[in-house]
Amino acid sequence: MAETGTPPEQVDDGRVGLSIDGRELRVPKGTLVLDAATEAGIHIPIYCAHPKMDPVAVCRMCLVNIEKFPKPQPACATVAGDGMVVRTDLPEVTKLREGMLEFLLLNHPLDCPVCDRGGECDLQDFTFRYGPGISRFPITEKVHFKKAVQLSDLIELDQERCILCWRCVRYYDEITGEKEIVLQQRGVDTLVSTFNDQQLTSKFQGNLPEVCPVGALTHRKYRFVSRPWDLQRTASVCPECSYGCNINVDSRDFEVRRFASRDNPLVDDMWLCDRGRYSFDRWNSSERVRRPMLRSDDEARDISVNEAITQAARRLKEISDEYGADSIAVLGSSASTNEELFLLERLARQVIGTPHIDHQLDPFDGISAAEHELGIAEIEECDTLVVLGTEPEEQAPVLTLRLYKAERKHNARVIRLNGDVSGTDAAEAAKGAIRIGLIADETNRENAAAVAGKLASVGSVRRLTITRGMNGRGAKDLGVLPNVGPAYAPAAKVGKNGRQILEALAKGELRGLLILGPNPALEAAGDLLERAVKAAACVVAIDTRPGVVSRHATVLIPGHAVFEKAGSVTNVEGRVQRIRAGLPPASATPTETRVLTTLANEMGAEGWGSGDPLAVNRAMRDALAAYAAAGNGGRALFSAAAVS
Amino acid sequence: MGEYKLLTKDFGATDLQTLKGYEKTGGYQGLRDAFKNFTPETLIAEVKASNIRGRGGAGFPTGMKWSFLPKDVFPRYLCCNADESEPGCFKDRYLIDQSPHQLVEGLLIASYALQVNTSFIYIRGEYHDQRLLLERSVEDARAAGYIGKNILGSGFDCDVIVHGGAGAYICGEETALIESLEGLRGQPRLKPPFPAVKGLYGQPTVVNNVETLCNLPHIVQRGGEWFKSLGTEKSAGTRVFCASGHINRPGNYEMQLGTPIRELLEEECGGMWKGRSLKAFQPGGGSMQVLLPQHIDLPLDMNAVQEAGSSLGAGAMIFMDETTCLVDVSMRLVDFYRHESCGKCVPCREGTYFESELMHRLEAGLATRAELASLADICSNMDGRCFCPLGDTATWFVMSAYKSFREEFEAHCGAGRCPVRAQVTALVA
């Protein structure tokens, strides 16, 4: 048959073959020409197209030549077809790009020198790359609009710079569903605005300047702050909650100037909440613990960090020798890295030998890996989502966007119920469901377990518990809890929980405390915390911020804040993600993992190595199979049977 | 050939606007016949057989448009496009004004053929009186049992809703009409999906012009074959032409398709006024390309006019005499498009603005030759690049006028005033 020239039979593999600028490639059916070109390494300029939004094809920048089509077609809205021949390298495509940029610049104010977006502006960049180079518009007076319109205390709008790509309008339509931005007027007088000039109220406004391809929507907190090329960018994770949104920390002169989103489709889907995004200022605080200190009675003196560690080891050992190891308590924090918590747990249970270890105040009974089963991206696989109480979305606001996406794109039902709803009522509300996702936060986790039991009669149930604190999930996985050890293995001896530890210290029942801070959860104890640290015979504190703990610590060692150190943190769904050092530490002391290792060594531990964060990470993976499997960026999953 | 009154046969009869008056002329017999003699399938086949093409501008075969609806997807919707806003067009207003029930009857016949239970008449915002008239007619027809449940005992239900637009030209584009009908900003939608598959409220939708629907009662009563015998092979039937400009008797004239344009001009419109000669004419409406006196013997046939480089469009016929400055006309038209651009896509929004600014400079005699050259280039950057036909058509008249009257355009460059007007003023003085 070869002689007749019959082409080899194509196997239907769900893909189509096309060529772009002569490059042959096969892409899944339904792929847009724009995405196929990206895959082929061919750049097509876009303004209105956005990877997370439906195509509208209004900017006409991505028009390409496709054989057999009478007119140029928008690559952002054309689905790749089998045998399609796409050309972006023809003179006519070059000409139309020049033409489109000429149109876009007609009424653009060209105020790049004072525009916050200068240096990272698509209009500027594409004009350099594809633009006509000269202006031939004979009219000097452009169409003018309002500049510096304050849409809220976070966002500023420059209507003249706007190129009407609609991304902000569509963001509110498609991503948040809040519909806060509208188009007004028509033709060349069209402008983006809010209805009746109302102020924006969304919790997700900070994404607007990022979806805007030009300098029309800008952060008020970044106004005239920096040029992008003066920023140092570090990939990290947002420290505001346990959802684990990926961010870029942009700093200049050793200060964080902004958080930018870093798309992780499995977690944040490139959106940040305003609480997280605009929390960057907190990390520039000059209120820091800067020197190791030794305090006796009311006297405090500076000491070297080595001496501090030696003193800490000696004093803890003295208490242990005199009153027993279980007169010492260890408090970790959900703000610490996995590596620190891994070492802290070992130090507590294996070196000091105390069962009293926790990272928060309140008890966490009946903990089960089942409550962390549902992944964030898996929310989209559920046909019904039951959310208990308002807390989950208050704790992790970006969750709201994922729920809306499930609703809008996958026709899921989102049912928001009271936190204390009865299982029967919840089952009634979820009637007809097949795959149920049940989301609660720590305050409702007990009721969530009961509700899950009832919902199981309706359909399959997977649960997600929103933990508190950046690394609240990691602290639990690593056994910084009184009732379970690493990997939710039941503790040999159940110790006191956070509140009990503080009460016992205040009463003198416990005498020594090793505390790794900062720990916002403990501050909720208020006066009890102060009484506890005052009464304790010895408080060894590793902390970053001055406060009750550092004021009363017997031995105080400065800690490194989250952007000053390397390590990993685990988010609500168990995803282990790296954080990296982007800022110099406020104090010239070793990082926490090294301090903890040295302390353990001084207390007689063996084989702990140097305490280098990477080495600790390896040791942690060796110790926890789930973390070994998760690697960097994967989910640490524990068998659902593990219950304390 | 020549004038042929099919839709306008009884126009001028007393009380034609009322239900009684319309019934007196045999009104609603078409609907009865449709129920009696046709199933929805055979009715679509009959309309297909009539070869009628859409009267709204694009001239797409109506029967074929209907057959694109996916089977078994309900509800479906039918929208009558009465958003007549093309410069130079006023036939739909005439048809509604004179015989609103003819449209309602046509709409109901189409609804029956398409098995639509809710039909809309989207009428231009400026047609206020016509909207009130239609609303009254719909109420009367409802009271008489032509609209509602079990119409005339046929078992077919249909409701008709008259919806007034807010006065945007773009809402005559079918997807923009649908957006506007849904209560959204009047802007065209991305195609595909096409309205036949996903239109109004995400359901299969047909949008038909007023005149197209008005033809249906006649096709039903007299048969597709008879209808086909009118007009030419490719353009069957009659059309109502809106003659305007420098002629003695401007107005609406229903002509059999295939009649030479000269006949329309000289016999119906009484020729050019003031004994002046024809300089140019524009068929179709403001969007279409200009034609020259040498084209006056072309037949009123969609294909023939298309081959000459223009289109019969929505049935306008604007005649211009020798005193007309084509730069001036272009400027006016471009201003219209600048005003009516919805602003959705870049080339139309900014291009019409650029064009109009340049045309104003040119008409005032201020533009340079380089600017004139850039005008052509800008038009080429718009045509075929825009989201919907509005932006494309915004260049057609200008480009055709520039091609046919190049010297006149060039004479404007640097002249400091409009040279044509200067000449005319001198002539009159």
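Each principal axis of the Cα atoms in segment A:252-308 has its own extent, and those three values, largest first, are 52, 24, 21 angstrom.
Report, to one decimal in Å, the Kirkwood hydrodynamic radius for segment A:179-330 based on all distinct Cα pairs.
Details: mean 1/r = 0.0499 Å⁻¹.
When all Cα pairs of segment A:179-330 are included, the Kirkwood radius is 20.0 Å.
What's the exposure ranking of A:W229, A:W271, A:W608, going from fewest to most Cβ atoms within 10 Å? Don't skip to the end; give the middle numbers.
Working: A:W229 8, A:W271 24, A:W608 20.
In order of increasing Cβ crowding within 10 Å: A:W229, A:W608, A:W271.
If you model segment A:499-579 as an ellipsoid using its alpha carbon gyration tensor, with each semi-axis the square root of five times an eigenvalue, the axes come out at 26, 15, 10 Å, biggest first. Each of A:A628, B:P419, A:Y278 was scored by the projection of its Cα onto the charge dipole of the protein assembly as shown, and the greatest displacement toward the positive side belongs to A:A628; charges sit on the C-beta of Lys, Arg, Asp and Glu. Summing Lys and Arg as +1 and Asp and Glu as -1 over all other residues whose Cβ lies under 10 Å from the Cβ of A:T591 gives a net charge of -3.
Using equal-weight Cα scatterers in the Debye expression, the normalised intensity of segment B:290-405 in log10 at q = 0.17 Å⁻¹ is -0.87.
Are there any trypsin sites (Lys or Arg not before Pro) in segment A:56-98 that are in a DSSP loop and have at most 12 other Cβ atoms within 10 Å? List them by number. The partial results should precede the final answer.
Numbers: sites: A:R60, A:K68, A:R87, A:K95, A:R97; in loops: A:R60, A:K68.
Qualifying residues, ordered by number: A:K68.
In terms of surrounding Cβ atoms within a 10 Å radius of their Cβ, A:R346, A:R580 rank from fewest to most as A:R580, A:R346. Straight Cα distances below 16 angstrom link B:K149 to the aspartates and glutamates B:E105, B:E139, B:D140, B:D157, B:D159, with same-chain residues fewer than 8 positions distant left out. Size descriptor for segment B:262-336, Kirkwood hydrodynamic radius: 12.7 Å (Cα pairs only, one decimal). Have a look at B:T368, B:P293, B:Y402 and report the one farthest towards the positive end of the charge dipole of segment B:291-404, computed about the Cα centre with Cβ charges (Lys/Arg +1, Asp/Glu -1). Highest projection toward the positive end goes to B:T368.
For segment B:95-183, the Kirkwood radius over C-alpha pairs fed into Stokes-Einstein at 20 °C and 1.002 mPa s yields D = 158 µm² per second. Computed over neighbours whose Cβ is under 9 Å from that of A:R545, the net charge equals -1, Lys and Arg +1, Asp and Glu -1.
Our compactness index for segment A:1-119, the C-alpha radius of gyration over the empirical 2.2 N^0.38 Å, is 1.31. Mean residue ellipticity, 222 nm, helices only, chain A: the sum of -39500 (n - 2.57) across DSSP H runs of n ≥ 4, divided by residue count and rounded to 500, is -7500 deg cm²/dmol. For segment A:130-256, list log₁₀ I(q)/I(0) at each q in 0.12 Å⁻¹, using the Debye formula over Cα point scatterers of equal strength and ignoring solvent, two decimals each. Log-scaled intensity ratios, in q order: -0.58. Placing one identical point scatterer on every Cα of chain B and ignoring solvent, what is log10 I(q)/I(0) from the Debye formula at q = 0.06, 0.13 Å⁻¹? Ignoring solvent entirely, the Cα scatterers give -0.26, -1.13.
Could you list A:F137, A:F638 in order of exposure, starting from the residue whose Cβ has the fewest other Cβ atoms within 10 Å?
Numbers: A:F137 18, A:F638 21.
Ascending number of Cβ neighbours within 10 Å: A:F137, A:F638.
Volume per residue, Å³, of the convex hull around the alpha-carbon atoms of segment A:460-598? Write out the running numbers ahead of the final one.
Values: hull volume 18.7 nm³, N = 139.
It is 135 Å³ per residue.
Available extension along the chain between A:E606 and A:K507 is 32.2 nm, counting 0.36 nm per residue and deducting the alpha carbon span. Computed over the protein assembly as shown, the Cα gyration tensor eigenvalues convert (square root of 5λ each) into semi-axes of 73, 34, 24 Å, ordered from largest to smallest.
Summing Lys, Arg as +1 and Asp, Glu as -1, what charge do residues with Cβ under 15 Å from the Cβ of B:T62 carry, B:T62 excluded?
Details: positive: B:K48, B:R53, B:R55, B:K65, B:K228, B:K234, B:R239; negative: B:E46, B:E174, B:E211.
For residues surrounding B:T62, the net value is +4.
Eigen-decomposition of the gyration tensor built on the alpha-carbon atoms of segment A:395-496 gives equivalent ellipsoid semi-axes of 29, 17, 12 angstrom, largest listed first. For the residue pairs A:K68/B:K191; A:K52/B:K198; B:K91/B:K279; A:K179/A:K203; A:K29/A:K409; A:K52/A:K179, the C-alpha atoms sit more than 21 angstrom apart in A:K52/B:K198; B:K91/B:K279.
Work out, in µm²/s and without decimals, the Stokes-Einstein translational diffusion coefficient of segment B:1-76 at 20 °C, 1.002 mPa s, Rh from Kirkwood over C-alpha pairs. Please report the intermediate quantities before stating the final value.
Working: Rh = 15.1 Å.
Result for D is 142 µm²/s.
If I fit a long axis through the Cα atoms of helix A:91-106 and take the longest principal axis of the Cα atoms of chain A, what angle between them do I get, 0 to 90°, rounded to 10? With both axes taken from Cα atoms, the answer is about 70 degrees.
Quick note: the coordinates plus some simple rules give every number you see, no bench work behind them. Just so you know, these numbers come straight off a predicted model, no measurement behind them. Positions of Cβ are backbone-derived with ideal geometry, glycine not excepted, and every protein chain shown enters the neighbour counts.
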